[in-house]
Amino acid sequence: MARSLKSSSASSLDVRVIAVSSIVLSLFTLSLFVSIWNLPPPNKSDHRRLFDFGKTINLATSGIDNIDGIDDADDELSNLLAEGLTIRDLGNNFGNPILQEARNSNRHAHEYIPQAKWPVSIRNEDGDFEDVVHPGHRAKNHPDVIMSVPRMWIDDPVSIHQNKLMTRELAMKIGSCTVTDAAGNHARGDSCPLNERTIFVAIASYRDYQCRDTVTSIFDRASHPERIRVGVIDQIDDGEDLHCDAPYEPCSDNPEQTLCKYKNQLDILQVDPMLSVGPVFARHLGHRLYRGEYYYMQSDAHVSFANNWDVDIINEQEATHNEMAVLSTYLSNFEGSLDENGNSLMNARPIMCDTAFEEGQQSHYLRHGTQPETVPSIKGSPQLHPFWAAGYSFSRGHFVVNVPYDFYQPLIFQGEEMSIGLRAFTIGYDFYVSVLHE
């Protein structure tokens, strides 16, 4: 009898569970049907993608610099959508007064390119810096830290590339020459002789005692140091760390020292190391020091440059016959790479042809690698390879304009090269490795 009662009770429970499940499923189905029914009709005339890999995102100049203002931004977004703009249109224009003006006035991209100047320095821009909120403190809900930093040479990259591959005509308008043409223009395109084309070298240094040695070798071992300008983000603790522009002796005692002779071609932006939140943030600040030079180089702070490096690298760059070429690779250990006079002993091509997931403390991340350095089989020209390296990169100056470092990526290390590499490739740049490297 007990077994019969137990069986009857279990059967009744099963019926109730099935009934409740049926009601819940019916309500879910009804709500899904209502949601689908109320969706707006598709816009069949516009099949644009939601995201464009070629679009360079630079939130630092998007015009939304206050978290409390997001609600107002949402209202503006709704109004713009009501006007019939697509998501891609908004990506190019929303929150950016420069691009909104361009949309209304149909201005051409070249009209946003500042006039080329040489010599040039951020020291001549006192009073023209802008205040930005440090991204790391806000991410941790700490009190805002306001930093005064140089403005980008071009405020928004989309105003230049406009989500299209850069034309050669536009590219030739970016890049200064040490000597003007007959009309007084420093932007002379490829009519500027190779030895008069300017080079901007950006260095992000974190308490690196070798930084001043690196800067010294940049000027000392260049064939034409007069066309080189170096910008350093010097993240140091005053009183404890060596300044990157500190000469080995006082300039008053020895004015012929390299750091004294070329001090007007060296811009230093000093940052408290407590505000350092990884290489992406520091190199973003480095991009803010660019002022329209013909070529752009990014280097680590502990690099020894070889003799005639500027001529050799420009020749390698021009040998690609590719305006969008970027020479970039992982550098060799300088021990055994240079003789005592600074001449290169290397005859290898460190191709970056491998990437794999490494396991971190909380996740897996991609890390690039290189093949063993051997004598190259392809000679006379740089060789294409798939990846970009942050420690050494040489390109035309418009690379900084089109692919600026993101201000809002604090504490990113391993993802830095993937971010820049993907964004650069999808806007038209190609990566090469050369035989001649520091």
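The values are calculated or read from the model by the stated rules, or taken from the named source; none is laboratory data. None of these values were measured; they are calculated from a predicted model. Quick reminder, even Gly has a Cβ in these numbers, built from the backbone with ideal geometry, and neighbours come from all protein chains shown. Just the protein is used for accessible areas: all its heavy atoms, side chains included, with ligands, DNA and RNA removed. Shrake-Rupley method; radii C 1.70, N 1.55, O 1.52, S 1.80 Å.
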Cα pair count fraction exceeding 17 Å, expressed as % - segment 162-273: 63 percent
With all protein chains modelled, accessible area of S217 [1.4 Å, Å²]: 10 Å²
Around L266: net Lys/Arg minus Asp/Glu count, Cβ-Cβ under 9 Å: 0
Formal net charge of residues neighbouring I314 (Cβ-Cβ distance under 13 Å; K, R +1; D, E -1): -4
Counted charge near W153, where neighbours are those whose Cβ lies closer than 9 Å (Asp, Glu -1; Lys, Arg +1): +2
Accessible area in the full protein assembly, largest first, 1.4 Å probe, for H284, H364: H364, H284
Euclidean distance between Cα centres, segment 259-278 to segment 113-170, Å: 17 Å
Segment 214-368: relative contact order as a whole-number percent, Cα under 8 Å and 6+ apart: 23 percent
Accessible surface of K173 - all protein chains present, 1.4 Å probe, nearest 10 Å²: 80 Å²
